[in-house]
1. Could you grab the pairs with beta carbons closer than 6 Å, sequence gap of 6+ or different chains, first residue in the stretch 259-281 and closer than 18 Å to Tyr230 by Cα, second one open to solvent by 70 Å² or more (accessible area, probe 1.4 Å) and among the basic types (Lys, Arg)?
2. For Met73, all conditions in the list (1) within 15 Å of Ile126 (Cα to Cα); (2) open to solvent by 50 Å² or more (accessible area, probe 1.4 Å); (3) of a type in the set (A, V, I, L, M, F, W, C) hold save one; what is the number of the exception?
3. Show the residue pairs that are 6+ apart or on different chains and have beta-carbon atoms under 8 Å apart, the first residue being within the stretch 201-221 and under 28 Å from Arg47 (Cβ atoms), the second being among the β-branched types (Val, Ile, Thr).
4. Scan the stretch 162-175 for residues that are open to solvent by 10 Å² or more (accessible area, probe 1.4 Å), of a type outside the set (Val, Ile, Thr) and touching a Phe, Trp or Tyr at 6+ places or on another chain (Cβ under 9 Å) and jot them down.
5. Only one of (1) open to solvent by 70 Å² or more (accessible area, probe 1.4 Å); (2) closer than 30 Å to Glu63 by Cα; (3) among the charged types (D, E, K, R); (4) over 32 Å from the mean Cα position of the chain (by Cα) fails for Glu130. Which number is that?
6. Does Lys159 satisfy being of a type in the set (Lys, Arg), in a strand (DSSP E or B) and surrounded by 14 or more Cβ atoms within 10 Å (Cβ to Cβ)?
7. Name the single residue that is nearest to Ala442 (Cα to Cα) among those in the stretch 586-615 being outside any helix (DSSP H, G or I) and either of a type in the set (Ser, Thr, Tyr) or modelled with pLDDT of 75 or more (or both).
8. Taking the stretch 87-115 as the region of interest, how many residues are open to solvent by 70 Å² or more (accessible area, probe 1.4 Å) and in a strand (DSSP E or B)?
Amino acid sequence: MADTHLQLPVSILKGIGPETESSLASMGIGTIEDLFEYFPYRYEDYRLKDLAESGHEEKITVEGKVQSEPSLMYFGRKKSKLTIKVLVGRYLIKAIFFNQPYLKSKIHLNDIVTITGKWDRHKQTITGNEFKSGPNQRESDFEPVYSIKGSVTVKSLRKYIQQALNEYGHEIKENMPASLKEKYKLEDRGSALRTMHFPQSPEEVKAARRRFVYEEFLYFQLKMQALRKYEREQSRGTSQNYDLKRLKEFISSLPFPLTGAQKRVVNEICADLKSPFRMNRLLQGDVGSGKTVVAAIALMATVTAGYQGSLMVPTEILAEQHAESLYNLLTPAGLTVALLTSSVKGKKRKELLERLQNGEIDILIGTHALIQEEVVFNRLGLVITDEQHRFGVEQRRVLREKGESPDVLFMTATPIPRTLAITVFGEMDVSIIDEMPAGRKAIETYWAKKEMLDRVLAMVEKEMDMGRQAYVICPLIEESEKLDLQNVIDVYDMLSIHFKGKHRTGLMHGKLSSDEKEQVMKAFSQNEVQLLVSTTVVEVGVNVPNATIMLIYDAERFGLAQLHQLRGRVGRGSEQSYCILLADPKTEIGKERMRIMTETNDGFVLSEKDLELRGPGDFFGRKQSGVPEFKVADMVHDYRALETARQDAKHLIESKGFWVDPEYAQLRTYLESTGVLDGEKLD
């Protein structure tokens, strides 16, 4: 498209001066093409509704005759309520306008008026937010609503779009292969674009939107599938001929048998290690499904093939825990395991790095310290990263540059919904451990209101009297760290007094130094402290099998995925464990979250629900590089189209025709522009 007028700056349009140009630029609109593709985020429906068919609390537009003089009441400072009676068809209804006292002079008995607002079917009342004298006369009964900034208004934006369509609309090119367009009965790009901005009905918008949803997903998935193919074919992977006999001996020496799911995943990973292509796999497993054991087996395989392995995790506490469990599993099999974090300094660090470079260390575990330049491996064969779902595609590639094309395995205990996994991790193979080790009891989850705190504390005390331990989690109130600290300290003070002389209470929060955190965790894991009051710093990977109760204050402040992660801190031993959600949610979504938590322990079911409630941008707790932003498409609601586009993209990339057939020339040009094909850049 670069050679067309669509790349001209918007300032070429009549009426766009420097100020408007700068406002449009802040909205991401620089060219005529940007203007065309700046779509409305919703549409207002002003078609007149028959009240008999209007739903309760539906937003409707009605036209009627005023049957009473307006009555105006004031209450409080600057607050008012204006009421009139209106005859709409055969219904006499009430119309109420809040804080619009000036309407009184505009409304007269027997006037014909048009009102848009929320319909209360029970009270036969409309709460108006738009009022027009006279009958319903608009350019269109179905109007787009845009997100705007600066000096731009919806009216002026529509005027610029109309002008641009008149002058350059004929240059909008079709970018969809005829075969796919025909297969899915998609509209032409030009007419679909016009419809998005100037629709006549909701049905028209639906058809136009369907076209752009598929287009966005197809282009995104083509990039992902091409990247996957490129990664696979260009990766001079090392074919690791591991010692199968030693590996089988190691697996049979483990203190517990592998579950069916663990065996399946181990086979998938071993096949990747053996293949000449570089492994690029995501391993998903719910809290407690046994990912660490799978990681240990993969690392063992790499070492028997003559390579080194590394495991990278986000926090020091987690690195230390992984180091301990892998040390216990792998040293009896003759492997050398070492830990590298920012706490390892000076002479100790220098020695460790030398031993790593000489090949004396088989397995290195650590935090982000592992990807520093000074860390040089002798022969790195496998890189495992844990909980790195916060990485975008680019960071995942940087990590693989260590060593001569090492195999890469990403692990996460955050069950990522299928829709997000195929989008965010589209260039990877995905393995799932969807089975719990035998003998693990499901955690019982209860939702309790604040007034039931005494009963809840009695339950906590009963567990501690039986020699067990408990976590109490307080939310992180981001607006004010002081407030957050106060919150956790208040709860700690209250519980210390409550259990004084019976059980010891410990305190953990983000303001403590890592040494202080370490001491508290040590005291808790050795049962010197029975009750740990903490902020969410305890969320990832802490393992205390004797803890059987997780009490979460203000649970409505957390997303489902986070609540599930916290719940997974208990239930790690043979005793029955409990999770108590202390919450008084005010919103329906908050109540729904509490209900879902009490009904299921399956992280994948929860993650799908969480995605529906929160949307993809918030799923990982913050907007981040991994989640693509689409203009029209919505990964949650349009997941069927996403799945279809993925299959189509996969089929195209793998077919010979795609790379030569003139029908696909535009798609090939797009892939070249993203840099995926030459591996140089990723946008």
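1. Phe277/Arg232
2. The number of the failed condition is (1).
3. Glu204/Thr195; Val205/Thr195; Ala207/Thr195; Ala208/Thr195; Arg209/Val632; Phe212/Val632; Val213/Val632; Tyr214/Thr644
4. Within the stretch 162-175, the first condition is being open to solvent by 10 Å² or more (accessible area, probe 1.4 Å), and the residues that meet it are 162-163, 166-168, 170-175.
Those left that are additionally of a type outside the set (Val, Ile, Thr): 162-163, 166-168, 170-171, 173-175.
Listed by number, the residues that qualify are Gln162, Tyr168, Asn175.
5. (1)
6. Details: of a type in the set (Lys, Arg): yes; in a strand (DSSP E or B): no; surrounded by 14 or more Cβ atoms within 10 Å (Cβ to Cβ): yes.
The answer is no for Lys159.
7. Among those residues, the one meeting the criterion is Asn601.
8. 4
The values are calculated or read from the model by the stated rules, or taken from the named source; none is laboratory data. The model shown is predicted, which means the values in this text are computed figures rather than measured ones. Glycine also receives a Cβ, built like all others from the backbone with ideal geometry; neighbour counts cover every protein chain displayed. SASA here: full protein model, heavy atoms, side chains in, ligands and nucleic acids out. Shrake-Rupley method; radii C 1.70, N 1.55, O 1.52, S 1.80 Å.
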